[in-house]
Amino acid sequence: MPTKPDRTPVLIVGAGPVGLALAGDLGWRGIGCTLIEKTDGAIEQPRMDMVGVRTMEFCRRWGIADWARDAPYPGDYPQDCIYVTALNGYELGREPFPGRVQEKCPPQSPQKRERVPQDMFDPILQRFVRTFPHGGLAYNTELIAFGEHADGVTATVRDTLTGESREIAADYLVGTDGGSSLVRERSGITMSGNPALTYTTNVMFRCADFSALHDKRRGYRFIFIGPEGTWLTIVAINGGDRWRMSIVGSADKVHHGDADIRAALTRAMGREFDYEILSVMRWVRRELVADSFGTDRVFIAGDAAHLMSPTGGFGMNTGIQDAVDLGWKLAARVRGWGGRELLRSYEVERRPVAVRNVNEASSNLGRMLSTRSRKPPPEIFEPGPAGDAARKDYGEWFTQTMRHEWFTLGIHLAYGYDSSPIIWPDGTPALPLETATYTQTARPGARAPHAWLPDGRSTLDLFGRGFVLLRLGGDAPSGELIRAAAVAADVPLDVIDLDVPEVTALYHNRLVLVRPDGHVAWRADTEPADAHALIEVVRGARAWASLDRREGDMLPAAQTRA
Ligand SMILES: Cc1cc2nc3c(=O)[nH]c(=O)nc-3n(C[C@H](O)[C@H](O)[C@H](O)COP(=O)(O)OP(=O)(O)OC[C@H]3O[C@@H](n4cnc5c(N)ncnc54)[C@H](O)[C@@H]3O)c2cc1C
């Protein structure tokens with residue numbers, strides 16, 4: 001007898017950091033979901049270790065920023081990036097960074113990036129997901145097949161321990177199932193870009209006294225430059241006894257065997273030393289973005305939607321932004337107040353960000369490997385004054401080149417959704433995209449800016465659950481028309497009065513409408529001419545472009561300030 005399928009509003013496939021973040025965000029919004037993962041969740045090779053500033057802002061919203069801050073990566077471990085010929089060879093340059101407890105928040109954020117490798121961060125997200133009784137997290141459960149129909153999705157999943165199959169019926173399915181996503185493949189979604197930048201071999205090894213075996217002091221990342229240019233990196237995975245060596249490779253297919261790995265370790269140290277190899281991962285560095293991010297009921301996010309070089313540490317952080325963009329939209333659809341444009345806007349908003357970040361990651365790789373075309377002069381490997389002078393020249397050039405990768409606040413914060421059908425533009429020109437830093441703006445589509453409030457909270461602490469209408473300054477219009485239109489459409493909206501000159505200056509207008517994901521949806525100094533139309537657009541019932549707009553709906557640029 002066929003059994004009745006289990007039912008869930010949202011089925012999420014793949015409990016990597018992106019699937020966990022989406023399940024956590026939905027749980028936080030009170031939406032039930034089921035998250036399945038084909039493995040037992042153990043992480044043999046932590047890949048990501050840099051939790052970016054925007055991801056930390058999401059953690060703050062979810063109430064788990066302290067969990068990430070208190071992760072066991074030692075707070076005083078220096079985060080220097082050091083360029084060497086070998087650990088017992090010459091130092092060519094160094095970008096010093098303090099340990100994470102000494103690093104300050106940038107002025108643009110109440111948070112800072114954190115060093116939390118995946119085998120520490122995934123358990124934090126798992127713990128977050130498990131705090132919600134309406135979320136189910138099923139390990140050893142693999143998606144085998146699914147079918148999409150007008151009202152939802154029916155998925156077949158298999159218990160990988162018993163081999164038993166069962167069906168799950170869901171309103172929506174999200175594939176956060178990584179680079180070789182079954183959800184993407186079965187949805188017929190192709191990817192564009194470069195499928196093989198390098199064939200790279202990662203080796204996790206244990207060596208408790210690693211830092212005592214050389215004179216380059218403790219550091220987070222060592223980049224090794226030989227006569228052929230950059231060939232290897234070593235990263236301090238836990239700020240203690242575990243390290244990850246990456247033999248960078250090239251676009252030529254190669255298989256590094258045990259002898260190659262041991263030879264690389266000896267060459268990197270500059271002599272033999274004792275270590276224990278824990279695991280080896282051979283992987284292909286890709287530069288790919290999915291041509292579509294989903295259909296009406298099935299979506300992809302994270303590595304399933306974009307694959308980028310780890311140079312920059314953008315992969316997971318970009319994926320978690322996808323999850324946050326999708327989370328409130330799915331919640332709105334499940335609750336009934338979200339219109340059809342909401343989920344359509346997911347691809348419009350997120351795909352350009354993925355393209356930008358994928359390209360930036362590849363440019364970072366190009367910079368790291370620029371030593372292969374601008375080869376080091378032979379003297380840098382020789383002792384003596386001529387060698388010293390050559391090392392200084394070459395090292396300064398490389399140190400300067402690599403700064404682009406280490407300072408990327410603009411990648412984490414400057415992304416915006418100003419072309420989205422659910423954003424109401426105000427006619428102000430876009431600011432130039434920045435990489436190294438970020439000039440905060442409350443232009444529609446942008447992340448609503450951070451400023452500290454007199455009570456010690458950040459403006460960011462005001463956003464997240466529903467829409468927020470900020471009334472800024474003592475003479476702000478009442479916002480009553482917007483509030484009434486939101487109530488009529490069942491859209492959750494809080495009106496918050498702030499009379500803090502710094503916030504008023506930063507947000508530039510007296511009424512600012514902020515979405516549940518913390519992006520500005522609309523702003524003006526007066527009530528909108530048609531508050532009903534505004535709410536219809538921001539809740540995704542109508543696309544902004546479809547409106548028959550009248551003079552005055554969008555303030556001319558001269559009347560607004562950027
Ligand atoms: C060396 C390296 C360093 C990196 N460093 C950083 C960094 O510092 N910062 C950063 O942001 N990013 C970094 N990245 C990238 C980052 O690791 C990935 O972008 C991130 O892990 C993607 O998360 P995800 O959840 O989308 O996919 P994944 O982590 O790949 O998770 C997908 C999950 O889906 C499961 N799955 C697959 N198919 C099925 C199925 N049919 N049924 C059920 N489950 C399934 C898989 O078992 C897996 O657990 C790095 C990557 C590498 C290689």
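Every read-out reported here was derived from the displayed coordinates using simple, explicitly stated rules and does not represent laboratory data. In this text the structure is predicted, and so the values were computed from the model without any measurement. Cβ placement follows ideal geometry from the backbone for every residue including glycine, while neighbour counts extend to all protein chains displayed.
So here's what we get for this one:
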read-out: HN-Hα J in Hz across region 115-132 - Karplus 6.51, -1.76, 1.60, θ = phi - 60°, x for Gly and Pro; value: 8, 9, x, 4, 6, 9, 7, 4, x, 5, 5, 4, 4, 4, 4, 6, 6, 9
read-out: Cα-centred dipole magnitude for the chain, charges only on beta-carbon of K, R (+1) and D, E (-1), debye, nearest 20; value: 260
read-out: Pairwise Cα inverse-distance average, inverted: Kirkwood Rh of the chain (Å); value: 25.1
read-out: Relative contact order of region 4-113, defined on C-alpha pairs under 8 angstrom at six or more residues apart (%); value: 21
read-out: Sites matching trypsin sites (Lys or Arg not before Pro) across region 4-66 that sit in DSSP coil, with at most 10 neighbouring C-beta atoms within 10 Å; value: none
read-out: Packing-based exposure ordering (other Cβ within 10 Å, fewest first) of Ile189, Ile12; value: Ile189, Ile12
read-out: Potential extension, Ala145-Thr526 segment - 0.36 nm per residue separation minus Cα distance; value: 132.0 nm
read-out: Rounded to 5, percent antiparallel among DSSP beta bridges of region 1-154; value: 55
read-out: Fewest-first ranking of Cys59, Cys81, using other Cβ atoms within 10 Å as the exposure measure; value: Cys81, Cys59
read-out: Amide proton proximity set for Thr230, modelled H, under 5 Å, gap of 5+; value: Thr371, Arg372
read-out: As computed over region 1-100, the Cα convex hull volume per residue (Å³); value: 156
read-out: With Cα atoms, 0 to 90° folded angle of helix 315-335 axis to the chain main axis; value: 20
read-out: Fewest-first sequence of Ser292, Ser362 by Cβ atoms within 10 Å of each Cβ; value: Ser292, Ser362
read-out: Qualifying GluC sites (Glu not before Pro) in region 447-556, DSSP loop, other Cβ atoms within 10 Å at most 15; value: Glu551
read-out: Low-density loop positions, trypsin sites (Lys or Arg not before Pro), region 142-221 - DSSP coil, at most 16 other Cβ in 10 Å; value: Arg217
